[in-house]
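The values are calculated or read from the model by the stated rules, or taken from the named source; none is laboratory data. Nothing here was measured: the structure is a model prediction, and the numbers come from that model. Neighbour counts are summed over all protein chains in view; Cβ atoms, including those assigned to glycine, are modelled from backbone coordinates with ideal geometry. These area figures cover heavy atoms from the full protein model, side chains too; ligands, DNA and RNA do not enter into them. Shrake-Rupley method; radii C 1.70, N 1.55, O 1.52, S 1.80 Å.
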Amino acid sequence: MTPEPHALPDLVRELHRQATPWLPAGQGTRLHWGPPVQPGPGQERPTIVSTARLNRVLEHAAGDFTVTVEAGLPLQHLQQALAEQRQWLPLDWPWGSSADGLGAGTVGGLVARGMAGGLRQRHLGVRDQLIGIGLLRTDGTAARAGGKVVKNVAGYDLMRLLTGSWGSLALITELTLRTMPLPPQRRGLLLQGEPQQLEPLRRRLLAAALGPELLDWWSAPLGEAAGQPPLPGLLLGLASVSGEAIADHLAAIGADAESAGLRRQELDPERLEALRAVALGPDQGSGPDPLPPAAAGPRTGRWLLRLGVLPAEAAALLADPLLAGLRLSLAAGSGLGLAWAEASQLPAYRVEALRRRCRALGGQLTVLEQPASAGLPAWEDAPSRPLIEAVKRQFDPLQQLARGRLPGVQAS
Amino acid sequence: MPSASPSASSPDLQAGARGSGVASRGRSSFDWGAIERRLRALLPAKAVVARRQELLAYDCDGLTLHRHQPPLVVLPETTEQVAAVVRLCAELGVPFVARGNGTGLSGGAVAESEALVIATSRMRRVLAVDLANQRVTVQPGVINSWVTRAVAGDGFYYAPDPSSQQVCSIGGNVAENSGGVHCLKYGVTSNHVLELEVVLPDGTVTTLGGSLPEQPALDLRGLFIGSEGTLGIATAITLRLLRAPESVAVLLADFASMEAAGEAVRAVTAAGVLPAGMEIMDNFTVNAVDDLFGHDEYPRDAAAVLLIELDGQEREVAAAVDLAGQLCRTAGARSVRQASDAADRALLWKGRKSAFAAVGRITPTYYVQDGVVPRTALPRVLAAIERLSRRYGLPVANVFHAGDGNLHPLILYRADEPGVEQRVSELGAEILRLCIEAGGSITGEHGVGSDKRCYMDWMFAPEDLATMQLVRRAFDPDGLANPGKIFPTPRSCGESARRVAVLREEGVELPQPVVAF
C-alpha cells in the first residue's frame, strides 16, 4: 500500500484495529535484505506500507546546515537538492545503487537499515547525522524526538533507537539531518599489493596528520572487477580546503608505497568516484522497483554479506582463503564492510565459517542476501536480546511490524 | 560548557512547587536501617556512607540550590557490587540514583525523593587500552581528562571535552551525553562510545553496542547515552580514541555587530572549513574581561569577539587560517589576530577562559542557562535576550558555542536581593522560550535533570513524551532508576502548569500539558 500522507495515520490505525502484520517501507528497493518477514495468519505475504508518497524536502536550512525531509524522499533527490546549495549529506550510496545514486532508495530506508560505508572514516555513520525524527507508532500515534538543531540533549535519543531498527518499531515519517558543505578539494589513491604489505600503509594513513575521508580495503576480485590487477588493495580518499596539503600527502605516501613495492595509482575526483561505484556492486540503477512481489523475503541467487572485524584484524581477514572469490570493500578505520558473490561461487558452509572467523577477529557477520535454499540466520542474538524484546513489546505490543525481523534477535 | 564553578549557583526554578528538601524530610517509606544492614552484607565497610555529615557531600550537584540529602550512599568499586546493590533495590522496591562526580548542572544526580545514591566515584580503573584499534575501556568513575592522559604519550586523545573535564567522570558524561568546546568538529559523547556494560534496573548486567560502531542489533547503546541515569548504570565504557592533531591555530576577530559575527560563522562553515571550535563573547563579557585584565584586551565597543580554533595537518591549517581570516574581514571584522604556537594561542584564549571569572567579579552569583538555537537565529535571539535583560533589570552575559548555536547566557544577580531568585528563574525560562520559538532546544549539553523537566512539555507534545516513556518502561518497568527526572509530572510541575496558563493567555501556542504516566 502506498497511501497519500494524509491517509497514513488512519490506515495504520485500521491495521492496528485488525492486528494485521505489516512492514514499513520506502520504495521497497532493499526490503528483501535481512531475515525474511513472516506474513500473518491467512496472509500470503506481509502487507507493505510504503512512504513513497511522503517525498518532500520540508526545509533545507542551508545557513544552519540542516535539512528536514519526509522519509519517502529518494536519497538521490535529497543529494541533488543539497548539491544546488553546495552541500551534501556525507553518506555513501547504499550497495546496489548506481554511481549517480539511482536505485539508492529513500532516506527513511537508509536510516532504517542504519548502515554507513567508507565515508564513516571522516563523517561517522547514519545515526550520527540524524538530529530529529518523526514516526508513526503501530497504534497510529504520531510522535517526534530530537529537533532541528545540531546539539540537543532534551529527551531520549529515539533517533538512534530507530536507526538500524529495520522497520521493527515504528514507521519513520520525517527526518532532520545535519548537512555538510561539499569539500573544496578531493583526490584519491589506489594502492595494491599483498595484505601484509598494505597493513603498514593502512596504519600510517590512518595516523596521518591529514586524515583520510575514506580508506577502504579491497579484495583482489573487487580490484579485478574495477579493471585493475587482481590484487588486494587500499582505496584512499582525501578531502581538504588545501589542494597543496593533499598533494604533499600523496607524494609522501607515494614514496612509502614505492619502497614497499606496492602498485599505486593516483585518482582525480571522477576516477575516485568511478572506483567507489564499483564497490556498490553490480549496477542495479534501472530505477526503483516499486515494491517487487517477493519483497521482504529472499529472492536472489546471490550472497550479500555485511561483515566486520576489529580494524587491526582486517589484513588477516583479507588474507584468509575463506574470502576467495568474494568481492569485498571494508572500511579500514571502522572494520565494517560488504562482501558479495554469486550463489554458485559460495557454498553456505563457507559463509558459516566466515561468520565464525569474523567473530574470532572481534566482529560479526550479517547476511543481507542469500540464495533461497541457504537458510542461514541473517543475524544472531545480541547479548541484550531480552532488553531488545522488551523495547519491541512496548513499541509494538501486537507484534505487527516486520515479524521475524528484529535486530539483535535471531529468527527461530 | 560551564563548569561547576564554586561561584555559579542557580535559583530553585520550581521553588514554589517543590520547596527544597521537602521530600527527604517527609515520613520515611523505607526502613533505611534495615537497608543499610543488607548493604553492609554486600559491600566492604567503607563502601556504605550513612553518617549525616558525610552524606552532606551528596546533597547537590553543580546546581547548588537544589539540595536534598540522601538517606544512604554506596560507593561500589566493581560491576558485581553495583549489580548486587541494584538487585537489592529491585527486591525491596527502593529507588536509586546513579551519581558520578556530581559536577552536573541540571540536578540530575540528586536524590530528590527517598532513594539510594550509588556513586561510581571509586570505580576509577582503566580496564583496557587497545591502541591498535584506537579504543580504551574504563570504569565509569574515571575522570574525563585521565583518558587522554593515559594515551597522550602515544599520540591519541579522547575528544569530548566538557569544561569540567578535570573533575567530571566518564560515567557522568555518558549519562548526560556531554559535549564541549570541540564538539563542533568531533561530536559529543554519543559519537565516541562503542560499547557499554550496563547494570539494568533489575540488577542484571548486559552489554549494549559492541566492538564495532554498527551492530546487527537495536542501538540501545545510543539510546542509553544521554538517558540521565533513568535506564540503568553504565559500569564499563569503551571509548573511541582519535589521533592528536599535528597543528592547531587560533584566530580572533572583533565585530561591530553580532549580525556580522554571525555572518562570519556562517561563511567559514559554508566554505568547507570545519573549525574544531567557534566561540563568541558579547559586548558585556568583553568589557568584563577588559575590567578584569586592567587593560583593553579587546576593543570595548566590540559587539562580538569571535574565536575560531582550527586543527589538522600543518599546511591545511595554514590554508584554513587564511581563508577564515579573509571571510571574517569580508563579514566586517574590524581586526583579526591569529596565533599558531602554544603560548600565543593561550593568549588569545585567555580572555575567553577568564570570562566566567570576569563576570563573577561584577556580581558574586550567576545562573548559567543552556539553550540551543539554529545558528542563523543567533543574532536575533541574542538581541531578544538583551531586551529581556533590560526588562528584568538583570545583566546577562553571553559566552557561547557559535558553531552549533549552543547558548550559555549567564544571568547575574545578588543573592541577598529579596525576591531576586524568582526573577532570575523567570528570565531563565523566558530565554528557553526564545530558544524554542527559534526552533531550538531547552538544553544542548547540560541535560534536563530536575532543573528543566517542567519545560519538556514546551518542546515536546504529550505523544512525544509518551513515546519516550515506552523506552523507560522497557528498561525500568518499576521506575526505580533516578525517578522523577527528565519527564514532567503534575507533582513536580504544578508551577509549570501555571506558567503555561499565563503563556496561553498571551496567545502563545503550546502543546497540551502532559498527562501523568
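Are any of the residues in segment A:242-254 more than 23 Å from A:LEU323 (Cβ to Cβ), part of a loop (DSSP other than H, G, I, E, B) and more than 27 Å from the chain's Cα centre (by Cα)? It would help to see each step written out before you state the result.
Of all residues in segment A:242-254, those more than 23 Å from A:LEU323 (Cβ to Cβ) come to A:242-254.
So of that shortlist, the ones also part of a loop (DSSP other than H, G, I, E, B) come out as A:242.
Filter once more, keeping what is more than 27 Å from the chain's Cα centre (by Cα): A:242.
There is at least one residue in segment A:242-254 that is more than 23 Å from A:LEU323 (Cβ to Cβ), part of a loop (DSSP other than H, G, I, E, B) and more than 27 Å from the chain's Cα centre (by Cα).
Residue-by-condition table, conditions (1) under 17 Å from the mean Cα position of the chain (by Cα); (2) among the hydroxyl-bearing types (Ser, Thr, Tyr):
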site	(1), (2)
B:ASN133	no, no
B:VAL142	no, no
B:TRP146	no, no
B:TYR158	no, yes
B:CYS168	yes, no
B:GLY179	yes, no
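I need a count of the residues in segment B:134-181 that are in a helix (DSSP H, G or I), within 14 Å of another protein chain (Cβ to nearest Cβ) and surrounded by fewer than 19 Cβ atoms within 10 Å (Cβ to Cβ).
Looking only at segment B:134-181, we keep the residues that are in a helix (DSSP H, G or I), and these are B:144-154, B:170-176.
So of that shortlist, the ones also within 14 Å of another protein chain (Cβ to nearest Cβ) come out as B:151, B:154, B:172-176.
With the extra rule that they be surrounded by fewer than 19 Cβ atoms within 10 Å (Cβ to Cβ), the set shrinks to B:154.
Number of matching residues: 1.
Search segment A:214-228 for residues being part of a helix (DSSP H, G or I) and open to solvent by 10 Å² or more (accessible area, probe 1.4 Å), and hand back the single one that is nearest to A:ALA315 (Cα to Cα). Write out each step before concluding.
Looking only at segment A:214-228, we keep the residues that are part of a helix (DSSP H, G or I), and these are A:220-225.
Filter once more, keeping what is open to solvent by 10 Å² or more (accessible area, probe 1.4 Å): A:220-221, A:224-225.
Details: A:ALA220: 13, A:PRO221: 15, A:GLU224: 18, A:ALA225: 20 Å.
Per the stated criteria, the residue is A:ALA220.
Go through segment B:382-476 and tell me which helices (runs of 4 or more DSSP H), entirely inside it, have 1 or more residues that are closer than 28 Å to B:GLY262 by Cβ and of a type outside the set (A, V, I, L, M, F, W, C). Break it down stepwise before answering.
Values: elements: B:420-437, B:456-459, B:462-475.
Those helices (runs of 4 or more DSSP H) span B:420-437.
Answer yes or no: is there a residue in segment B:349-360 that is open to solvent by 10 Å² or more (accessible area, probe 1.4 Å) and touching a His at 6+ places or on another chain (Cβ under 9 Å). Show your work before the answer.
From segment B:349-360, those open to solvent by 10 Å² or more (accessible area, probe 1.4 Å) are B:349-350, B:352-354, B:356-357, B:360; that's our starting set.
Cutting the leftovers down to touching a His at 6+ places or on another chain (Cβ under 9 Å) gives us none.
Checked segment B:349-360: no residue is open to solvent by 10 Å² or more (accessible area, probe 1.4 Å) and touching a His at 6+ places or on another chain (Cβ under 9 Å).
So which residues in segment A:377-412 are among the charged types (D, E, K, R) and under 19 Å from B:ARG473 (Cα atoms), if there are any at all? So that I can check it myself, show each step before the final result.
Pass one, segment A:377-412, residues among the charged types (D, E, K, R): A:380-381, A:385, A:389, A:392-393, A:396, A:403, A:405.
If the condition is that a residue be among the charged types (D, E, K, R) and under 19 Å from B:ARG473 (Cα atoms), then A:ARG385, A:GLU389, A:LYS392, A:ARG393, A:ASP396 are the ones that fit.
Could you identify the single residue in A:ALA170, A:ALA207 that is within 13 Å of chain B (Cβ to nearest Cβ) and free of Cβ contacts under 8 Å to residues at least 12 places away in the same chain?
Exactly one residue qualifies, and that residue is A:ALA207.
Output the residues belonging to segment B:289-321 that are in a strand (DSSP E or B) and away from every other protein chain (no Cβ under 14 Å). Outline the logic, then answer.
First pass over segment B:289-321, keeping only residues in a strand (DSSP E or B): B:304-312.
Correct list: B:ALA304, B:VAL305, B:LEU306, B:LEU307, B:GLU309.
Return the pairs, sorted by first residue and then second, in which the second residue is part of a strand (DSSP E or B), the first residue lies in segment B:247-265 and is more than 14 Å from B:GLY325 (Cα to Cα), the beta carbons are less than 6 Å apart, and the residues are 6+ apart or on different chains.
From segment B:247-265, the pairs are B:VAL248/B:ASP311; B:MET258/B:ALA304.
What number of residues in segment A:29-52 are touching a Ser or Thr at 6+ places or on another chain (Cβ under 7 Å), in a loop (DSSP other than H, G, I, E, B) and within 21 Å of A:LEU135 (Cα to Cα)?
Count: 2.
Among the residues of segment B:322-358, count how many are in a helix (DSSP H, G or I), in contact with a strand residue (DSSP E or B) (Cβ under 7 Å, 6 or more places away or on another chain) and at pLDDT 95 or above.
4
Of the residues A:GLU342, A:GLU369, which single one is of a type in the set (D, E, K, R) and more than 29 Å from A:ARG122 (Cβ to Cβ)? I'd like the intermediate steps shown before the answer.
Values: A:GLU369 fails: more than 29 Å from A:ARG122 (Cβ to Cβ).
Just one listed residue meets the conditions, A:GLU342.
What single numbered condition from (1) open to solvent by 10 Å² or more (accessible area, probe 1.4 Å); (2) modelled with pLDDT of 90 or more fails to hold for B:ALA47?
(1)
For segment B:347-378, give me the residue count where each residue is within 14 Å of chain A (Cβ to nearest Cβ) and closer than 18 Å to B:GLY277 by Cβ.
Total meeting the criteria: 5.
Between a first residue in segment A:353-366 that is farther than 17 Å from A:PRO407 by Cα and surrounded by 14 or more Cβ atoms within 10 Å (Cβ to Cβ) and a second residue that is of a type in the set (Ser, Thr, Tyr) and at pLDDT 95 or above, which pairs have beta carbons less than 7 Å apart while being 6 or more apart in sequence or on different chains?
The qualifying pairs are A:GLY362/B:SER211.
Rundown of residues vs (1) in contact (Cβ under 8 Å) with a residue 12 or more places away in the chain; (2) among the small types (Gly, Ala, Ser), yes/no style:
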| position | (1), (2) |
| --- | --- |
| A:ALA104 | yes, yes |
| A:VAL107 | yes, no |
| A:VAL111 | yes, no |
| A:MET115 | yes, no |
| A:GLY118 | yes, yes |
| A:VAL126 | yes, no |
| A:ILE131 | yes, no |
| A:ARG137 | yes, no |
| A:THR141 | no, no |
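Could you check segment B:322-346 and list, in sequence order, the residues that are among the aliphatic types (A, V, I, L, M) and either surrounded by 14 or more Cβ atoms within 10 Å (Cβ to Cβ) or within 14 Å of chain A (Cβ to nearest Cβ) (or both)?
Initially, segment B:322-346 is screened for residues among the aliphatic types (A, V, I, L, M), giving B:323-324, B:327, B:331, B:333, B:336, B:339, B:342-343, B:346.
Those that are among the aliphatic types (A, V, I, L, M) and either surrounded by 14 or more Cβ atoms within 10 Å (Cβ to Cβ) or within 14 Å of chain A (Cβ to nearest Cβ) (or both): B:LEU323, B:ALA324, B:LEU327, B:ALA331, B:ALA333, B:VAL336, B:ALA339.
Exactly one condition in (1) within 22 Å of A:GLY335 (Cβ to Cβ); (2) facing chain A (nearest Cβ under 7 Å); (3) within 21 Å of the chain's Cα centre (by Cα) is not met by B:THR238; state its number.
(2)
If you take the residues of segment B:288-317 that are over 21 Å from B:VAL265 (Cβ atoms) and more than 31 Å from the chain's Cα centre (by Cα), which of them is surrounded by the most Cβ atoms within 10 Å (Cβ to Cβ)?
This residue is B:ARG315.
Residues are listed down the side, and each one gets a yes or a no for (1) farther than 24 Å from B:GLY179 by Cα; (2) open to solvent by 10 Å² or more (accessible area, probe 1.4 Å); (3) among the aliphatic types (A, V, I, L, M); (4) within 7 Å of another protein chain (Cβ to nearest Cβ):
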{"residue": "A:ARG113", "(1), (2), (3), (4)": "yes, yes, no, no"}
{"residue": "A:LEU119", "(1), (2), (3), (4)": "no, no, yes, no"}
{"residue": "A:VAL126", "(1), (2), (3), (4)": "no, no, yes, no"}
{"residue": "A:ILE131", "(1), (2), (3), (4)": "no, yes, yes, no"}
{"residue": "A:ALA142", "(1), (2), (3), (4)": "yes, yes, yes, yes"}
{"residue": "A:LYS148", "(1), (2), (3), (4)": "no, yes, no, yes"}
{"residue": "A:VAL153", "(1), (2), (3), (4)": "no, yes, yes, yes"}
{"residue": "A:MET159", "(1), (2), (3), (4)": "no, yes, yes, no"}
{"residue": "A:LEU162", "(1), (2), (3), (4)": "no, no, yes, no"}
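Within segment A:255-275, take every residue that is without any contact (Cβ under 8 Å) to a residue 60 or more places away in the chain and of a type in the set (Gly, Ala, Ser) and give me the one that is nearest to A:GLU199 (Cα to Cα). Before you say what the answer is, go through the steps one by one.
Residues of segment A:255-275 that are without any contact (Cβ under 8 Å) to a residue 60 or more places away in the chain, as a first pass: A:255-256, A:258-259, A:270.
Pick out the ones that are also of a type in the set (Gly, Ala, Ser) and you get A:255, A:259.
Values: A:ALA255: 16, A:SER259: 14 Å.
Filtering segment A:255-275 for residues that are without any contact (Cβ under 8 Å) to a residue 60 or more places away in the chain and of a type in the set (Gly, Ala, Ser), the one nearest to A:GLU199 (Cα to Cα) comes out as A:SER259.
Here is a list: B:GLY232, B:GLY277, B:GLY262. Which entry is open to solvent by 10 Å² or more (accessible area, probe 1.4 Å) and touching a Leu at 6+ places or on another chain (Cβ under 7 Å)?
Values: B:GLY232 fails: open to solvent by 10 Å² or more (accessible area, probe 1.4 Å); B:GLY277 fails: open to solvent by 10 Å² or more (accessible area, probe 1.4 Å).
B:GLY262 is the lone residue from the list that is open to solvent by 10 Å² or more (accessible area, probe 1.4 Å) and touching a Leu at 6+ places or on another chain (Cβ under 7 Å).
From A:LEU231, A:LEU238, grab the single residue that is under 10 Å from A:LEU191 (Cα atoms) and surrounded by 15 or more Cβ atoms within 10 Å (Cβ to Cβ).
Details: A:LEU238 fails: under 10 Å from A:LEU191 (Cα atoms).
The unique qualifying residue is A:LEU231.
What do you reckon, is B:ILE436 aliphatic (A, V, I, L, M) and away from chain A (no Cβ under 14 Å)? Don't jump to the end; show me each part of the working.
Values: aliphatic (A, V, I, L, M): yes; away from chain A (no Cβ under 14 Å): no.
In short, no.
Tell me which residues, restricted to segment A:5-55, are in contact with a helix residue (DSSP H, G or I) (Cβ under 9 Å, 6 or more places away or on another chain) and more than 24 Å from A:GLY408 (Cα to Cα).
Step one: filter segment A:5-55 for residues in contact with a helix residue (DSSP H, G or I) (Cβ under 9 Å, 6 or more places away or on another chain), giving A:20-22, A:24-31, A:33-34, A:47, A:49, A:51, A:53-55.
Hits for segment A:5-55 are A:GLN27, A:THR51, A:ARG53, A:LEU54, A:ASN55.
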